[in-house]
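Trainee: Here it is: the structure, laid out below.
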Amino acid sequence: MASVEPAIEVRDLRKSYGELEAVRGIEFTVRRGEIYGLLGPNGAGKTSTVEILEGYRERSSGHVSVLGFDPGDRPRELRARVGIVLQSSGIYNYASVAESISHFAHFYPHPRDVDEVIELTGLGEKRDARARTLSGGQRRRLDLALALIGDPELIFLDEPTTGFDPAARRGAWQTIRSLRELGKTVLLTTHYLDEAQELADRVAIVKGGRILAEGSPSELGVGRGSRYRVAYANGDGEATVVETDDPTRLLHELTGAALARGEQLRSLSVTRPSLEDIYLELTADA
Amino acid sequence: MPSNAAALWRQYRFERRMFWRNRSAAFFNFLLPLIFLALFGAIVSGHQNELDVIVPGIAGMSVMSTTFTALAYNLTFMREQGVLKRIRGTPLPSGVYLGGLALNAITNTAIQIAIVVVAGRLFFNLGWPPQPLTLVVFVVAGVAAFALLGASLSYAIPSFESAPAVINGVFVPVILVSGVFFDVKHVPGFLRDIAQALPLEPLINGLTGGFVAGHGDINHHLTALAVIGFWALVGVVLAVRGFSWEARRS
């Protein structure tokens, strides 16, 4: 059955532009029905990787499979089964929202209903507006609508909320979550940590053309060295931070000692490193 | 999936609808040859020899502006805007998409040539074209060569802002040297040699045979046809090798 096979498989992917090696041996697997996030700073190799998977670029070496196809061959059947939202892409300025979507619907063998997609992307009020009159956020929703009209199994979202105000981001996140409910697989690239944390089932942190860490957002928090951070103010009121793999023992010792001295441990907190800490630690230039 | 022919027809109709939506562009597209005809008709009024030069000259210019100029401009715009890249990510075959763009341009060529033919009949004493076959063959050859060269030129244009400068930098010298507005006979020898090696002068040469009686049938213009054919081949090679679907990254 097709659903056993992963949606995306990448093995030892490499891509060079002349002297510059932008992708240096990236490996990951995206399972069917999950939202997988590639997180990293600009120039990390995210876009090169995704554009190879989308069939826009040829890889220098490595193995890549998308829905069982080699995207380098640009098979038409594969293009009919994926939807692509690029970072920026133009649209027919003089076409209305509904016209654009229904024109694109004819490119696909089994398109979704135009009105349904307009509804899903929240463009109902703008259905007869010309594309050139749309705001940035509305154009982005039209981008998503055009990627969804072919009823794709796999959707590539490249920086889907860059430039959005907070309310628009929440709205876009809701739409992306609804894709998961529809059983779609999503490959998301982003440089926003909160976006990856909010949406992705699993995240790969990419830097310098390599994957530095991979896991669910919460796993990434604990996984790296299993560090817990215990912070408190000592007897002189000085803020103290201790990192440990074994917070139970440490807390027992700290609280025991404090009780023996008849003191309180003020500002006591135990935290796990957030995805942000991990990200900053991994992507910092050492 | 729809058949390629059905998809091409649909893409063509969509391009036509979008063309007419941009009203000012559509209006000037068809007004331009009329303005040229009216101006030069007034300037050389009464001199049939010169009218015989102007009408095929304007027709040749129309072929070049509706295909070469329009496609170089549109393809650069679509590429820089990211429309080409978006289309390339869909199952629509690239050939169908580019075919739709080309047919849209060719429709404008046909409309402009029809305008010139009717104007020649009504206002320039030319009658209906005496050699319609020559006219059609040369329009078709000219369209093919200039459309391909226009697509190739778009590759040499680095950004949309520089498109008008680059395109006019080619278009204006070529129409001046190729005898759109005067008989090439009056041009100095070396310029005439250059003009005859470029595709527009041979196109006007053949169109003259189509529009004006007494210039022989198509057999008298075969050299000109061969030059246009050569440029069409150059266009094929350059367009296939150089075509880019993506905006340049600076």
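The values are calculated or read from the model by the stated rules, or taken from the named source; none is laboratory data. This is a predicted model, so every value here is computed, not measured. All Cβ positions, even for glycine, are placed from backbone atoms using ideal geometry, and neighbour counts span all protein chains on display.
Trainee: When you scan the stretch A:98-129, how many residues do you find that are crowded, with 17+ Cβ neighbours inside 10 Å and touching a strand residue (DSSP E or B) at 6+ places or on another chain (Cβ under 8 Å)?
Mentor: Counting residues in the stretch A:98-129 that are crowded, with 17+ Cβ neighbours inside 10 Å and touching a strand residue (DSSP E or B) at 6+ places or on another chain (Cβ under 8 Å) gives 0.
Trainee: Right, another one. Restricted to the stretch B:1-31, and to residues that are of a type in the set (S, T, N, Q) and under 19 Å from B:Thr69 (Cβ atoms), which residue is farthest from the other protein chains (Cβ to nearest Cβ)? Before you say what the answer is, go through the steps one by one.
Mentor: At the first step, the residues of the stretch B:1-31 found to be of a type in the set (S, T, N, Q) are B:3-4, B:11, B:22, B:24, B:29.
Applying the additional criterion that residues be under 19 Å from B:Thr69 (Cβ atoms) yields B:22, B:24, B:29.
Working: B:Asn22: 6, B:Ser24: 12, B:Asn29: 15 Å.
Once the filter is applied, the top-ranked residue is B:Asn29.
Trainee: Which ranges mark the helices (runs of 4 or more DSSP H) fully within the stretch B:45-128 that have 1 or more residues being away from chain A (no Cβ under 14 Å) and touching a helix residue (DSSP H, G or I) at 6+ places or on another chain (Cβ under 9 Å)? Steps first, answer last, please.
Mentor: On the way: elements: B:48-64, B:70-81, B:83-88, B:94-123.
Of the helices (runs of 4 or more DSSP H) lying wholly inside the stretch B:45-128, those with at least 1 residues that are away from chain A (no Cβ under 14 Å) and touching a helix residue (DSSP H, G or I) at 6+ places or on another chain (Cβ under 9 Å) span B:48-64, B:70-81, B:94-123.
Trainee: Return the residues of the stretch B:1-38 that are closer than 25 Å to B:Gly120 by Cα and buried (at least 16 other Cβ atoms within 10 Å of the Cβ); say none if nothing qualifies.
Mentor: B:Asn29, B:Leu32, B:Pro33, B:Phe36, B:Leu37
Trainee: Within the stretch B:188-203, can you find the residues that are of a type in the set (A, V, I, L, M), without any contact (Cβ under 8 Å) to a residue 60 or more places away in the chain and under 20 Å from B:Gly142 (Cβ atoms)? Break it down into steps so the answer makes sense when it comes.
Mentor: Restricting attention to the stretch B:188-203, the residues satisfying the condition of being of a type in the set (A, V, I, L, M) are B:191, B:194-195, B:197-198, B:200, B:203.
When the remaining residues are screened for being without any contact (Cβ under 8 Å) to a residue 60 or more places away in the chain, the result is B:191, B:194-195, B:197-198.
Correct list: B:Ile194, B:Ala195, B:Ala197, B:Leu198.
Trainee: Has the stretch A:31-40 got any residue that is part of a strand (DSSP E or B), more than 12 Å from every other protein chain (Cβ to nearest Cβ) and small (Gly, Ala, Ser)? Working first, answer last.
Mentor: Step one: of the stretch A:31-40, the residues part of a strand (DSSP E or B) are A:35-39.
Still in the running and more than 12 Å from every other protein chain (Cβ to nearest Cβ): A:35-39.
Subset that is small (Gly, Ala, Ser): A:37.
Within the stretch A:31-40, one or more residues are part of a strand (DSSP E or B), more than 12 Å from every other protein chain (Cβ to nearest Cβ) and small (Gly, Ala, Ser).
Trainee: Considering each of B:Ala151, B:Ala119, B:Ala102, B:Ala144 in turn, give the residue that is over 30 Å from A:Leu86 (Cβ atoms), among the small types (Gly, Ala, Ser) and within 14 Å of the chain's Cα centre (by Cα).
Mentor: From the options B:Ala151, B:Ala119, B:Ala102, B:Ala144, the qualifying one is B:Ala144.
Trainee: Okay, next question. Could you please give the count of residues in the stretch A:151-166 that are farther than 19 Å from A:Thr190 by Cα and either within 13 Å of chain B (Cβ to nearest Cβ) or assigned to a helix (DSSP H, G or I) (or both)?
Mentor: Looking only at the stretch A:151-166, we keep the residues that are farther than 19 Å from A:Thr190 by Cα, and these are A:151-153.
Narrowing the set further to residues that are either within 13 Å of chain B (Cβ to nearest Cβ) or assigned to a helix (DSSP H, G or I) (or both) leaves A:151-152.
Of the residues in that region, 2 qualify.
Trainee: Of the conditions (1) modelled with pLDDT of 95 or more; (2) touching a Lys or Arg at 6+ places or on another chain (Cβ under 8 Å), A:Ile91 fails just one. Which one is it?
Mentor: (1)
Trainee: Quick one: how many residues across the stretch B:165-191 are surrounded by 11 or more Cβ atoms within 10 Å (Cβ to Cβ) and out of contact with any helix residue (DSSP H, G or I) (no Cβ under 8 Å at 6 or more places or on another chain)?
Mentor: Within the stretch B:165-191, the first condition is being surrounded by 11 or more Cβ atoms within 10 Å (Cβ to Cβ), and the residues that meet it are B:166-171, B:173-184, B:187, B:191.
So of that shortlist, the ones also out of contact with any helix residue (DSSP H, G or I) (no Cβ under 8 Å at 6 or more places or on another chain) come out as B:168-169, B:173, B:176.
The number of residues fulfilling the criteria is 4.
Trainee: A further question on this structure: Picking from A:Gly83, A:Gly18, A:Gly43, A:Gly68, which residue would you name as being of a type outside the set (A, V, I, L, M) and crowded, with 18+ Cβ neighbours inside 10 Å? First the steps, then the outcome.
Mentor: Details: A:Gly18 fails: crowded, with 18+ Cβ neighbours inside 10 Å; A:Gly43 fails: crowded, with 18+ Cβ neighbours inside 10 Å; A:Gly68 fails: crowded, with 18+ Cβ neighbours inside 10 Å.
Matching residue, one of A:Gly83, A:Gly18, A:Gly43, A:Gly68: A:Gly83.
Trainee: Looking only at residues that are more than 15 Å from B:Leu75 (Cβ to Cβ) and among the hydrophobic types (A, V, I, L, M, F, W, C) in the stretch B:88-99, which one is nearest to the chain's Cα centre (by Cα)?
Mentor: Step one: filter the stretch B:88-99 for residues more than 15 Å from B:Leu75 (Cβ to Cβ), giving B:89-93, B:96.
Filter once more, so that each one left must be among the hydrophobic types (A, V, I, L, M, F, W, C): B:92, B:96.
Details: B:Leu92: 26, B:Val96: 21 Å.
This residue is B:Val96.
Trainee: Can we say B:Leu37 is more than 26 Å from A:Thr133 (Cβ to Cβ) and assigned to a helix (DSSP H, G or I)? Show your work before the answer.
Mentor: Working: more than 26 Å from A:Thr133 (Cβ to Cβ): yes; assigned to a helix (DSSP H, G or I): yes.
It is true that B:Leu37 is more than 26 Å from A:Thr133 (Cβ to Cβ) and assigned to a helix (DSSP H, G or I).
Trainee: Every residue in the stretch B:220-241 that is exposed (fewer than 14 other Cβ atoms within 10 Å of the Cβ) and more than 12 Å from B:Gln196 (Cβ to Cβ), please. Give the derivation first.
Mentor: Within the stretch B:220-241, the first condition is being exposed (fewer than 14 other Cβ atoms within 10 Å of the Cβ), and the residues that meet it are B:222-223, B:226, B:233, B:237, B:240-241.
Answer for the stretch B:220-241, where residues must be exposed (fewer than 14 other Cβ atoms within 10 Å of the Cβ) and more than 12 Å from B:Gln196 (Cβ to Cβ): B:Leu222, B:Leu233, B:Val237, B:Val240, B:Arg241.
Trainee: Please identify the pairs in which a residue from the stretch A:63-91 that is in contact (Cβ under 8 Å) with a residue 60 or more places away in the chain has its Cβ atom under 9 Å from the Cβ atom of a residue that is surrounded by fewer than 16 Cβ atoms within 10 Å (Cβ to Cβ) and among the hydroxyl-bearing types (Ser, Thr, Tyr), counting only partners at least 6 apart or on another chain.
Mentor: Pairs found: A:Gln87/A:Thr162.
Trainee: So which of B:Gly210, B:Gly235 ends up being on the phi < 0 side of the Ramachandran plot and either among the basic types (Lys, Arg) or touching a Pro at 6+ places or on another chain (Cβ under 7 Å) (or both)?
Mentor: B:Gly210
Trainee: Next question. One residue is enough: does the stretch A:67-84 have a residue meeting the conditions at pLDDT below 95, among the basic types (Lys, Arg) and touching a helix residue (DSSP H, G or I) at 6+ places or on another chain (Cβ under 8 Å)?
Mentor: No: zero hits.
Trainee: Please name all residue pairs, on different chains or six or more residues apart, with Cβ atoms under 9 Å, provided the first residue is in the stretch B:39-57 and is surrounded by 11 or more Cβ atoms within 10 Å (Cβ to Cβ) and the second residue is of a type in the set (Ser, Thr, Tyr) and at pLDDT 85 or above.
Mentor: Hits for this filter: B:Asp52/B:Thr208; B:Val53/B:Thr208; B:Val55/B:Thr208; B:Pro56/B:Thr208; B:Gly57/B:Ser178; B:Gly57/B:Thr208.
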